[in-house]
């Protein structure tokens, strides 16, 4: 599942030509001029607007979900040493899977 700020991004219509996935670095797929909510609060308030959506092409793959979990854990841990170990695991996971894509 995509996570905003990592492998899913929203921008104003036609304001950005491309985005890269914050997890694996792949070039995101773009859907232009989507009309709808841009988040949970706007969905609950039924506030819709035009926007562009960027999503990583690997988002639905199991290895990418694991990489996303590692990226989030790296961002959330207060430990520099633990973050370094998780970053090494993330790098290994990406090398194994991006090579075959």
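Starting from the Cα gyration tensor of the chain, take the square roots of the eigenvalues, sort them a ≥ b ≥ c, and report rounded, prolate or oblate (rounded when a/c is under 1.5, otherwise prolate if a/b is larger than b/c, else oblate). Intermediate values should be presented prior to the final figure.
Numbers: a/c = 2.65, a/b = 1.71, b/c = 1.55.
Prolate.
Under the criterion of Cα pairs below 8 Å and six or more residues apart, the relative contact order for the chain equals 25 percent. What shape does segment 8-55 have by the C-alpha gyration tensor, where a ≥ b ≥ c are the square roots of the eigenvalues, rounded means a/c under 1.5, and otherwise prolate means a/b greater than b/c and oblate the rest? Oblate is the answer for segment 8-55, as a/c is 1.5 or above yet b/c matches or exceeds a/b.
No value in this document is a laboratory result; all are computed from the given coordinates. The structure displayed is predicted, hence computed values, not measured ones.
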